[in-house]
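*Asks:* To start, I am sharing the structure in question, which I have written as structure tokens.
The values are calculated or read from the model by the stated rules, or taken from the named source; none is laboratory data. Note that the coordinates shown come from a computational prediction; the quantities given were computed from them, not determined experimentally. Here the Cβ is made from the backbone with ideal geometry for all residues, glycine too, and neighbour counts use every protein chain on show.
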Amino acid sequence: MATNPKKTSKEPKPEQFDVLISGGGMVGLTLACGLAVSGFGVAVVDIATPDGLLDKDFDGRASAVAFASYKMLDALAISPFLKGLVQPIDEIRVTDSNVPLFLHFDKDELGDGPLGYMVENRHNRQALFKRLEQLPNIKLFAPDHLVAHQNNDDGGVTATLKSGKTISAKLLVGAEGRRSPLREGADIGLVTASYHQVGIVATIEHEHPHMGIAHERFLPDGPFAILPLTGNRSSLVWSVGSDIAPEILKLNRRALVAEIQKRVGGFLGEITVAGPVWNYPLSMQFAERYRDERMVLVGDAAHGIHPIAGQGLNLGYRDVAALLEVLNTAKLAGEDIGSEAVLEKYVQWRRFDNMTLIATMDGLTRLFSNNIKPLKYARAIGLEVVNHIPPLRKFFMHHARGTVGDLPKLLEGKSLPTELDT
Ligand SMILES: Cc1cc2nc3c(=O)[nH]c(=O)nc-3n(C[C@H](O)[C@H](O)[C@H](O)COP(=O)(O)OP(=O)(O)OC[C@H]3O[C@@H](n4cnc5c(N)ncnc54)[C@H](O)[C@@H]3O)c2cc1C
């Protein structure tokens, strides 16, 4: 990205904010809501139109939002706008190539709520936009995008948008997803690996209820997830080799339903595919640095993973919760929120946690996308071992719920302190 645009005396004064977020996806907008709740003035710039972002054809995915992540949506008063639209995940069943052995996680073993919630991405975005309307200290600039930015001598950053508007802030946040221009503009390298897989996503309607059970099946042609949505509906994520994906995507509806029914089996009764079928290339990536001068990365701009365990957005939520806590603490202490010392606290908190999970997920993806016989036996035994050792099973359940590690307060459902509390 070009920096240091020439200033002329005719240029209007930049609008002032505390934080400028580039990218108003689920991560960027959640961060904006949290910052506004903490009393910061926030500008969000998104390249897409708000109508486009909310259109039902923009994103057909549903996300497994971990129990802890959902607590943050409660604490930031976003979840009331999701009432009646989310499906609790009460059980998770993992099977390997239709082997009768399976790994079983049940919310009743923990006893304090579901393992997570299935939230359709379009509903999540709608809820965020409704919450935004209640928060006057957020201003959305969309459709628009940054064309240049520069660090000011007085310790801030000024950005010029495509529309010609200028914005000044103490901190710039890159939340533009996997192809973050702010990351690229700061020359932050990216470690990447392709799985040579495509994630085919569809919503199915079915005859029988799903009982709040999420299924992850490791089939010979790739992982196949059946994730419960409200009503008699489920979201499918079918990961297949990029060589065979085009063949599947070319199938007519009838043939596609037949292929899906073969993989789902009979337990949901007769199924139909509702709405469009989507596809996403699957890869892993992580940024070599999470910060630059007066700039940090969050969400997919910092890291992207395979959807095998439904953790990508949850990692982004963990970034948001940690950054909010760091910035809120700095504000209460009268510190400069864009300073190196403050931003480094965020980096230290998040980078190791993200890298550990990304490495684990990468290993699991490769292990479970492999049909070599000894590996198949090894993982079947692994599943069986985990299933029969309750403490080990609970350990995995806590991971799925996002309730492990050095948790930021918001992920425990606690509000951040305000000036009145100090
Ligand atoms: C098939 C599939 C299933 C998944 N399932 C799950 C799941 O169950 N659970 C889970 O936790 N995760 C899941 N994920 C991962 C999850 O979808 C992502 O991690 C999440 O969407 C990242 O959110 P984000 O806001 O960081 O980025 P994005 O969703 O990519 O949003 C980026 C935003 O930035 C905007 N933008 C782009 N370029 C610019 C620019 N130049 N200037 C300004 N704005 C810009 C875009 O318009 C968009 O609004 C899944 C992913 C896939 C592919």
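*Asks:* If a residue must be more than 14 Å from the ligand (Cβ to nearest atom), among the charged types (D, E, K, R) and surrounded by fewer than 21 Cβ atoms within 10 Å (Cβ to Cβ), how many such residues does segment 8-56 contain? Lay out the reasoning, then the answer.
*Replies:* Going through segment 8-56, the residues more than 14 Å from the ligand (Cβ to nearest atom) turn out to be 8-19, 35-42, 56.
From what's left, among the charged types (D, E, K, R): 10-11, 13, 15, 18, 56.
Add one more test, that the residue is surrounded by fewer than 21 Cβ atoms within 10 Å (Cβ to Cβ), and what stays is 10-11, 13, 15, 56.
Within segment 8-56, residues that are more than 14 Å from the ligand (Cβ to nearest atom), among the charged types (D, E, K, R) and surrounded by fewer than 21 Cβ atoms within 10 Å (Cβ to Cβ) number 5.
*Asks:* Could you look through segment 317-332, keep only residues that are away from the ligand (no atom under 12 Å from the Cβ) and hydrophobic (A, V, I, L, M, F, W, C), and pick out the one that is surrounded by the fewest Cβ atoms within 10 Å (Cβ to Cβ)?
*Replies:* Going residue by residue through segment 317-332, those that are away from the ligand (no atom under 12 Å from the Cβ) are 321-332.
Then keep just the ones that are hydrophobic (A, V, I, L, M, F, W, C); that gives 321-324, 326-327, 330, 332.
Working: 321: 29, 322: 24, 323: 28, 324: 26, 326: 23, 327: 29, 330: 21, 332: 16.
Ranking the qualifying residues of segment 317-332, first place goes to 332.
*Asks:* Among the residues of segment 113-121, is there at least one that is more than 12 Å from the ligand (Cβ to nearest atom), within 29 Å of residue 77 (Cβ to Cβ) and surrounded by fewer than 17 Cβ atoms within 10 Å (Cβ to Cβ)?
*Replies:* Looking through segment 113-121, at least one residue is more than 12 Å from the ligand (Cβ to nearest atom), within 29 Å of residue 77 (Cβ to Cβ) and surrounded by fewer than 17 Cβ atoms within 10 Å (Cβ to Cβ).
*Asks:* State yes or no: is residue 96 touching a Lys or Arg at 6+ places or on another chain (Cβ under 7 Å) and either without any contact (Cβ under 8 Å) to a residue 12 or more places away in the chain or away from the ligand (no atom under 15 Å from the Cβ) (or both)?
*Replies:* Values: touching a Lys or Arg at 6+ places or on another chain (Cβ under 7 Å): yes; either without any contact (Cβ under 8 Å) to a residue 12 or more places away in the chain or away from the ligand (no atom under 15 Å from the Cβ) (or both): yes.
Against the criterion (touching a Lys or Arg at 6+ places or on another chain (Cβ under 7 Å) and either without any contact (Cβ under 8 Å) to a residue 12 or more places away in the chain or away from the ligand (no atom under 15 Å from the Cβ) (or both)), residue 96 qualifies.
*Asks:* Applying the selection to segment 271-294, what residues are under 20 Å from the mean Cα position of the chain (by Cα) and more than 8 Å from the ligand (Cβ to nearest atom)?
*Replies:* First, the residues of segment 271-294 that are under 20 Å from the mean Cα position of the chain (by Cα): 278-291.
Within segment 271-294, 279, 281, 283, 284, 285, 286, 287, 288, 289, 290, 291 meet the criteria.
Results for (1) within 15 Å of the ligand (Cβ to nearest atom); (2) under 30 Å from residue 116 (Cα atoms); (3) of a type in the set (Gly, Ala, Ser), shown as yes or no for each residue.
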| residue | (1), (2), (3) |
| --- | --- |
| 144 | yes, no, no |
| 159 | yes, no, yes |
| 173 | yes, yes, no |
| 199 | yes, yes, yes |
| 214 | yes, yes, yes |
| 226 | yes, yes, no |
| 234 | yes, yes, yes |
| 244 | no, no, no |
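*Asks:* Could I ask something else about it? Tell me, which residue of segment 57-74 that is outside any helix (DSSP H, G or I), charged (D, E, K, R) and farther than 15 Å from residue 85 by Cα is nearest to the ligand (Cβ to nearest atom)? Reasoning before the result, please.
*Replies:* So in segment 57-74, the residues outside any helix (DSSP H, G or I) come out as 57-66.
Next, only the ones that are charged (D, E, K, R) stay: 57, 59, 61.
Within this subset, residues satisfying the condition of being farther than 15 Å from residue 85 by Cα are 57, 59.
Details: 57: 14, 59: 8 Å.
Step by step, filter segment 57-74, then rank; the result is 59.
*Asks:* Follow-up question, since we're still on this one. Is segment 51-58 home to any residue that is of a type in the set (Gly, Ala, Ser), under 30 Å from residue 185 (Cα atoms) and at pLDDT below 95?
*Replies:* Step one: of segment 51-58, the residues of a type in the set (Gly, Ala, Ser) are 52.
With under 30 Å from residue 185 (Cα atoms) added as a condition, the list becomes 52.
Then keep just the ones that are at pLDDT below 95; that gives 52.
Yes, the conditions are met somewhere in segment 51-58.
Residue by residue, here is whether (1) surrounded by 12 or more Cβ atoms within 10 Å (Cβ to Cβ); (2) within 29 Å of residue 22 (Cβ to Cβ); (3) among the aliphatic types (A, V, I, L, M); (4) touching a Ser or Thr at 6+ places or on another chain (Cβ under 9 Å) holds:
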residue: 248; (1), (2), (3), (4): yes, no, yes, no
residue: 263; (1), (2), (3), (4): yes, no, no, no
residue: 281; (1), (2), (3), (4): yes, yes, no, yes
residue: 287; (1), (2), (3), (4): yes, yes, yes, yes
residue: 294; (1), (2), (3), (4): yes, yes, no, yes
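*Asks:* May I pose another question? So how many residues does segment 179-198 have that are at pLDDT below 95 and either more than 26 Å from residue 46 (Cβ to Cβ) or in contact with a helix residue (DSSP H, G or I) (Cβ under 6 Å, 6 or more places away or on another chain) (or both)? Even if it seems obvious, please write down each step before you answer.
*Replies:* Taking segment 179-198 as the starting set, the residues that turn out to be at pLDDT below 95 are 191-197.
Narrowing the set further to residues that are either more than 26 Å from residue 46 (Cβ to Cβ) or in contact with a helix residue (DSSP H, G or I) (Cβ under 6 Å, 6 or more places away or on another chain) (or both) leaves 191, 193-197.
Number satisfying all stated conditions: 6.
*Asks:* Something else: Is it true that some residue in segment 296-316 is in a strand (DSSP E or B), at pLDDT below 95, closer than 17 Å to residue 347 by Cα and near the ligand (Cβ under 8 Å from one of its atoms)? Show your work before the answer.
*Replies:* Residues of segment 296-316 that are in a strand (DSSP E or B), as a first pass: 296-297, 303-304.
If we keep only those that are at pLDDT below 95 as well, we get 304.
Next, from what is left, pick out any that are closer than 17 Å to residue 347 by Cα: 304.
With near the ligand (Cβ under 8 Å from one of its atoms) added as a condition, the list becomes 304.
For segment 296-316, residues in a strand (DSSP E or B), at pLDDT below 95, closer than 17 Å to residue 347 by Cα and near the ligand (Cβ under 8 Å from one of its atoms): present.
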